[in-house]
Amino acid sequence: METASNAQQCGQCRLRFMAIFAFLLAVLVSRAGAYDPLDPNGNITIKWDVVSWTPDGYVAVVTMNNFQLYRHIPSPGWTLGWAWAKKEVIWSMVGAQTTEQGDCSKFKGNIPHCCKKVPTVVDLLPGVPYNQQIANCCKGGVVAAWGQDPSAAVSSFQVSVGQAGTSNKTVKLPRNFTLLGPGPGYTCGPAKIVPSTTFLTPDRRRKTQALMTWNVTCTYSQFLARKNPSCCVSFSSFYNETITPCPSCACGCQHKNCIKSDSKLLSMVGVNTPRKDNAPLLQCTRHMCPIRVHWHVKLNYKDYWRVKIAITNFNYRMNYTQWTLVAQHPNLNNVTQVFSFDYKPLVPYESINDTGMFYGMKFYNDLLMEAGPFGNVQSEVLLQKDKNTFTLKQGWAFPRKVYFNGDECMLPPPDTYPFLPNSALSKSLPFTTFSLSVIFTLMIIL
């Protein structure tokens with residue numbers, strides 16, 4: 001009996017140890033995924049500034065700052081949630097609204113805007129009446145990346161809270177913050193009281209101060225956002241006829257509703273209309289990715305070399321506004337000219353300059369259209385050689401990492417990269433260059 005009892009206890013100990021180990025592993029993986037080595041300080045900070053006290057609570061201005069260099073919040077925009085610490089209600093809001101009012105039946109006369117214990121808040125759409133607006137509101141929840149447009153990397157709203165504390169000592173901070181941007185991927189920490197924000201009056205001659213301020217920091221993890229990548233990369237070069245395609249099923253092959261590029265269904269009305277669940281309608285491909293980035297080593301001069309970059313959209317229900325493309329390559333420390341994209345070097349570590357962000361020129365190609373004949377954007381990049389490091393051998397001319405809209409894309413296996421031919425084949429290079437240019441153009445069109 002004792003032996004059986006001991007064995008049972010040992011079994012329970014093992015199960016308990018395995019559960020603890022699994023929990024710790026999950027925590028470590030989520031934290032590791034939230035750290036981005038190309039943007040180590042990137043986060044979204046949500047700041048609550050109490051600007052006045054009311055008889056039963058306070059009025060606060062909530063400001064969401066996107067400090068991520070290349071990850072923006074696209075349409076349909078952000079969704080912010082939290083849990084009240086006591087029995088607070090929202091009397092009114094300016095610049096945003098809750099998605100549900102909740103049960104406010106116990107109130108007589110003035111009815112609160114929201115009585116839910118866990119409210120869910122969304123931004124207002126552009127064009128709302130001026131008396132419902134506040135500075136930096138009403139953009140449909142779209143927030144630009146800090147590295148792309150700092151002035152548009154902010155969103156704000158005002159909230160009047162009732163049945164709450166009426167002083168710094170009696171206010172209880174909200175808990176359990178959640179942020180969708182617009183899908184999952186963000187994890188928010190607890191609210192922390194910080195030094196009160198100071199404001200300048202319009203004439204900039206006087207400073208005022210918030211009565212109380214607390215911050216919430218949210219970080220992004222691609223592992224939490226989705227199981228599979230959302231983009232892939234293909235390669236080609238002037239010195240080899242081989243085109244290295246995206247890996248097969250790079251973004252998962254579970255999409256059952258793909259459609260062929262020549263299907264008659266594409267002529268139906270409403271085929272490009274987004275669905276409420278944002279389910280994609282992908283073009284049937286080997287890689288089954290919504291986005292493909294193609295990197296073509298185009299020309300090799302004496303002191304320079306040229307790369308052509310093309311981004312193709314294979315999703316018939318999605319166009320991408322304010323898109324960003326980030327590439328990591330050692331020669332990005334010496335970019336001479338980018339021809340039809342805007343470009344900004346990203347230097348998270350002052351001693352290393354090997355990463356850059358490409359994005360569309362405003363009103364020219366900052367909108368990547370849905371899949372089809374106009375669903376691509378492209379540019380060329382001229383780089384000056386460093387003769388101590390430049391080589392076309394062993395895939396050096398191809399990027400180490402590629403991100404689209406903040407998510408890392410899947411690269412082909414290194415052993416499939418276009419290789420440098422033997423000198424015996426060098427005479428065929430002019431024809432190879434021409435044929436690859438034709439093939440590359442056809443890839444973009446199709």
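The values are calculated or read from the model by the stated rules, or taken from the named source; none is laboratory data. This structure is a prediction, so every number in the text was calculated from the model and none was measured. Here Cβ is always computed from backbone atoms with ideal geometry, including for glycine, and neighbour counts include all displayed protein chains. For accessibility, only protein heavy atoms count, side chains too; no ligands or nucleic acids. Shrake-Rupley method; radii C 1.70, N 1.55, O 1.52, S 1.80 Å.
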Virtual spin-label span in nm between SER92 and ASP149, 7 Å along Cα→Cβ
3.1
Pairs to check: LYS139/LYS169; LYS47/LYS401; LYS139/LYS264; LYS108/LYS172. Give those whose C-alpha atoms are more than 27 Å from each other in this structure.
LYS139/LYS169; LYS47/LYS401; LYS139/LYS264
Label-point separation in nm, ASP103 to TYR130, each point 7 Å along Cα→Cβ
4.2
Relative compactness, the stretch 192-248, computed as alpha-carbon Rg over 2.2 N^0.38 Å
2.48
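Within the set of other residues whose C-beta is less than 14 Å from the C-beta of TRP146, count the net charge using Lys and Arg as +1 and Asp and Glu as -1. Can you show the working numbers first?
Working: positive: ARG71, LYS344; negative: ASP36, ASP39, ASP149.
Computed value for this residue: -1.
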In the stretch 270-372, lysine pairs 8 or more places apart or on different chains with C-alpha atoms under 27 Å apart total 7
Any chance you could list the semi-axes, whole Å, largest first, of the equivalent ellipsoid that the Cα gyration tensor gives for the stretch 66-117, using √(5λ)?
30, 12, 9
Which whole-percent values make up P(r) of the stretch 185-333 when all C-alpha to C-alpha distances are grouped in 10 Å steps starting at zero?
8, 24, 24, 18, 15, 10, 1
Enter the accessible area of LYS362 (Å², nearest 10), with the probe set to 1.4 Å and all protein chains included.
140
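Of all the stretches in the chain, which is the longest one without any exposed loop site, taking GluC sites (Glu not before Pro) in a DSSP loop (any state but H, G, I, E, B) with at most 16 other Cβ atoms within 10 Å?
Details: sites that count: GLU100, GLU350.
Free of exposed loop sites, the longest segment is 101-349.
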Assigned charges on the beta-carbon of Lys, Arg, Asp, Glu; the chain dipole about Cα centre (debye)
560
To the nearest Å, what is the center-to-center distance of the stretch 213-273 and the stretch 42-105, using C-alpha atoms only?
32
Just the number, please: carbon plus sulfur as a percent of the accessible area of the chain, 1.4 Å probe, no ligands or DNA/RNA counted.
58
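Translational diffusion coefficient of the stretch 368-421 at 4 °C, 1.567 mPa s, Stokes-Einstein with Kirkwood Rh over Cα pairs, in µm²/s as a whole number. Walk me through the numbers before you get to the answer.
Details: Rh = 14.3 Å.
In µm²/s, the coefficient rounds to 91.
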For the chain, built as a Gaussian network whose Cα springs stay under 10 Å, the top-fluctuating residue of GLN68, GLN283, GLN254
GLN254
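Are there chymotrypsin sites (Phe, Trp or Tyr not before Pro) in the stretch 225-332 that DSSP puts in a loop and that have at most 14 other Cβ atoms within 10 Å, and which ones? It would help to have the intermediate numbers written out before the result.
Values: sites: PHE235, PHE238, TYR239, TRP295, TYR301, TYR304, TRP305, PHE314, TYR316, TYR320, TRP323; in loops: PHE238, TYR239, TYR301, PHE314, TYR316, TRP323.
In loop regions of the stretch 225-332 (DSSP not H, G, I, E or B), the sparsely surrounded chymotrypsin sites (Phe, Trp or Tyr not before Pro) are TYR301.
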Counting only the heavy atoms of the protein chains, how much of ARG292 is accessible to a 1.4 Å probe, in Å² to the nearest 10?
30
Listed residue (PHE390, GLY372, TYR403) projecting farthest to the positive dipole end of the stretch 352-404, Cβ model
PHE390
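Grab the eigenvalues of the alpha-carbon gyration tensor for the stretch 304-344, scale each by 5, take roots, and send me the semi-axes largest first in whole angstrom.
Details: eigenvalues 125, 23, 20 Å².
They are 25, 11, 10 Å, listed from largest to smallest.
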Whole-percent tail of the Cα-Cα distance distribution for the stretch 272-420, cut at 19 Å, equals 56
Of the candidates GLN283, VAL94, VAL347, the farthest towards the positive dipole end of the chain (Lys/Arg Cβ +1, Asp/Glu Cβ -1, centred on the Cα centre) is VAL94
Any idea of the accessible area per residue across the chain, 1.4 Å probe, to the nearest Å²?
53
Assuming R0 = 60 Å, can you tell me the calculated FRET efficiency for the pair ASP203 and PHE419, based on Cβ-Cβ distance, to the nearest 0.05?
0.35
Excluding ligands and nucleic acids, what accessible area in Å² is computed for MET369 using a 1.4 Å probe, to the nearest 10?
60
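Ratio of Rg to Rh for the chain, alpha carbon only, Kirkwood? Kindly include the intermediate steps, with their values, before the conclusion.
Values: Rg = 26.4 Å, Rh = 25.1 Å.
Radius of gyration over Kirkwood radius for the chain works out to 1.05.
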How are the alpha carbon pair distances in the stretch 81-204 distributed across 5 Å bins from zero to the largest one, expressed in percent?
2, 9, 15, 20, 22, 17, 10, 4, 1, 0
